[in-house]
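Bear in mind that the values in this text are calculations on the coordinates, not laboratory data. Keep in mind the model is a prediction, meaning the values are calculated, not measured. Cβ coordinates were reconstructed from backbone atoms using ideal geometry, including for glycine residues, and neighbour counts include every protein chain displayed.
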Amino acid sequence: MSATAICLAMGLSLGFAAAFGGLGAFAVVLIFGGLGLLIGRWLDDTIDLAELVRSAQDRGRR
C-alpha cells in the first residue's frame, strides 16, 4: 500500500472521529495514528528510534 493511500485513510478516519466523536475522539485517533506511523516506519527501517530519542534528549539539554 502506498504512503498516499495510507495518509488518505488516516485523514478520513480523523475526519470521521472529529465529525462524530468530537475533539476528544479526534485527539485519541491522532495520537494512535502517530504511534502507528512511528511503528510502521521503524518496521520498514526508515526511521531509527534510538537516534530519534537521542536527538530529543540532546535538545532537552540545551
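Descriptive notes on the structure:
- Nearest 10 degrees, 0 to 90: helix 49-61 Cα axis against the chain principal axis: 70
- A simple spin-label model places pseudo-atoms 7 Å from Cα toward Cβ; at ILE47 and ILE31 they are separated by 1.7 nm.
- Among (1) 7.3; (2) 5.4; (3) 6.3, the entry that matches mean projected area of the Cα convex hull in nm² as calculated here: (2)
- The chain: angle of helix 3-43 to the longest principal axis, Cα-based, in degrees nearest 10: 40
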